[in-house]
Amino acid sequence: MAEHPAYPVGLRLTGRRVVVLGGGQVAQRRLPALIAAGGVIVLISPEATPSVEAMADAGEITWERRRYTEGDLTDAWYALIATGDSEANARASAEAERHRVWCVRSDDADRATAWTPATGHSEGVTIAVLTTDVKGRDPRHTAAIRDAVVEGLRDGTLVARHHRTRAPGVALVGGGPGDPDLITVRGRRLLAEADVVIADRLGPRDLLAELPPHVEVIDAAKIPYGRFMAQEAINNALIEHAKQGKAVVRLKGGDPYVFGRGMEELLALAEAGIACTVVPGISSSISVPGAVGIPVTHRGVAHEFTVVSGHVAPDDERSLVDWPSLAKLTGTLVVLMGVDKIGRIAETLVAHGRSPDTPVALVQEGTTAAQRRVDATLATVGETVRAEEVKPPAVIVIGEVVNVGLPAAQAPQPS
């Protein structure tokens, strides 16, 4: 038997008797998967770890607090033998053989009739890895292979495309602040499975270069708008491609719902009857200051931080921001999309009570290789932006946390 590799098979244990002998660490590791498989699990052991005992208390398993006796494997479909008594293990293994019960032994794999593979899960798929080298079994090697496959499927570096017909759908994916490594695992996986990607200028552009050649990449800034508003044209493009049965990813910078107009797109898709998944992203309002060593909150300095859009000036009738109230706050103010308006914003804050000496940091192209930080105060920031030629995209941090953080020369650098 030892000359041949194990035959891999998936056991369907729902409603079937499974016997586990021993309540130690091996049982603690294996029981959750057996419970998830729906087995009717009987644990036979005089003692158990606290975690195993909790499973019994919750009614997930039946615990008989005694040692193994002949006949315990009657009517069992599967057995896990993991006691510290080698003689009892041998007797139980022999009983399993007589009753043709597939049996795993933690103490002697060569005498077992079944082996437990290294398993992992990703999006409804179970990955199970078994060695074919029966004379040199290496559990750590099989576990490493399992981990590599699961990680690759989860982060999108290992692409396994679906071939069955899928319902039309769109994923609104927050790509994070710019560094491609800062997209979420789920976002990267959905990107790898996409047929069409409609990307913002501020999305992590480096990820687009990794997509397979068949993926259609559409620059949202270059969609022909015709008689439509820009956002309306993007909505229509999402709907059109999804109705063709394609997997569509709308790749956005930061988070879809933080000044990303994600809800507008979600509502348009819902009205068209298109299923939509929203994948949150790391917002630049927090991550970009952190990338240059500035915490948006700090004990004894700032107990709150406020994120506002600066795309319209404080005196613009379209502005929804209560700038006089913001000027009275003592915490951190983070301004997005405000580079060309920061001079007027600073003047408004000072006019309503904020000190002109309040420190300001402008972080351009945060988390990318082009990242740079420029420091100023509310009194000088307007002129500083002009003199230093600060360009969007840039995150502006206003408050004492700017001085709490590391000086620009000592701040962390993007990798």
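Summary table
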{"item": "The one condition in (1) over 33 Å from the mean Cα position of the chain (by Cα); (2) closer than 29 Å to Leu202 by Cα; (3) without any contact (Cβ under 8 Å) to a residue 24 or more places away in the chain that Ile345 fails to fulfil", "result": "(3)"}
{"item": "Residue that is at pLDDT 85 or above and among the aliphatic types (A, V, I, L, M), where the choices are Ala167, Ala118, Ala94, Ala160", "result": "Ala94"}
{"item": "Leu269 vs. criteria crowded, with 21+ Cβ neighbours inside 10 Å and more than 22 Å from Pro393 (Cβ to Cβ)", "result": "yes"}
{"item": "Region 37-73, subset part of a loop (DSSP other than H, G, I, E, B) and in contact (Cβ under 8 Å) with a residue 40 or more places away in the chain, residue surrounded by the fewest Cβ atoms within 10 Å (Cβ to Cβ)", "result": "Asp72"}
{"item": "Top-ranked residue of region 294-349 - restricted to ones that are among the small types (Gly, Ala, Ser) and assigned to a strand (DSSP E or B), ranked as surrounded by the fewest Cβ atoms within 10 Å (Cβ to Cβ)", "result": "Ser309"}
{"item": "Residue check, Pro356 assigned to a loop (DSSP other than H, G, I, E, B), touching a Ser or Thr at 6+ places or on another chain (Cβ under 7 Å) and of a type outside the set (A, V, I, L, M, F, W, C)", "result": "yes"}
{"item": "Filter pass, Leu202 being among the hydrophobic types (A, V, I, L, M, F, W, C) and assigned to a helix (DSSP H, G or I)", "result": "no"}
{"item": "Index of the failed condition, Met229 passing every other in (1) under 26 Å from Thr367 (Cβ atoms); (2) modelled with pLDDT under 90", "result": "(1)"}
{"item": "Count of region 201-229 residues which are touching a strand residue (DSSP E or B) at 6+ places or on another chain (Cβ under 8 Å), free of Cβ contacts under 8 Å to residues at least 60 places away in the same chain and under 30 Å from Arg372 (Cα atoms)", "result": "11"}
{"item": "Residue within region 312-333 that is within 31 Å of the chain's Cα centre (by Cα) and free of Cβ contacts under 8 Å to residues at least 12 places away in the same chain present", "result": "no"}
{"item": "Selection within region 173-190 - in a helix (DSSP H, G or I), in contact with a helix residue (DSSP H, G or I) (Cβ under 6 Å, 6 or more places away or on another chain) and aliphatic (A, V, I, L, M)", "result": "Val185"}
{"item": "Boolean, Ile239 is modelled with pLDDT of 85 or more, in a helix (DSSP H, G or I) and either more than 30 Å from Ile127 (Cβ to Cβ) or out of contact with any Asp or Glu (no Cβ under 7 Å at 6 or more places or on another chain) (or both)", "result": "yes"}
{"item": "Candidate set from region 247-285 (those that are free of Cβ contacts under 8 Å to residues at least 40 places away in the same chain and assigned to a helix (DSSP H, G or I)); member that is nearest to the chain's Cα centre (by Cα)", "result": "Met263"}
{"item": "Restricting region 74-114 to residues that are touching a Cys at 6+ places or on another chain (Cβ under 8 Å) and not in a strand (DSSP E or B), the residue that is surrounded by the fewest Cβ atoms within 10 Å (Cβ to Cβ)", "result": "Glu97"}
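Here's the yes/no breakdown for (1) of a type outside the set (A, V, I, L, M, F, W, C); (2) in contact with a Gly (Cβ under 7 Å, 6 or more places away or on another chain):
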| residue | (1), (2) |
| --- | --- |
| Pro8 | yes, no |
| Leu11 | no, no |
| Gly15 | yes, yes |
| Val18 | no, yes |
| Gly23 | yes, no |
| Leu31 | no, no |
| Leu34 | no, no |
| Ala37 | no, no |
| Pro46 | yes, no |
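The values are calculated or read from the model by the stated rules, or taken from the named source; none is laboratory data. Every value quoted in this text rests on a predicted model; they were computed, and no experiment measured them. Glycine gets a Cβ as well: all are built from the backbone with ideal geometry, and neighbour counts include every protein chain shown.
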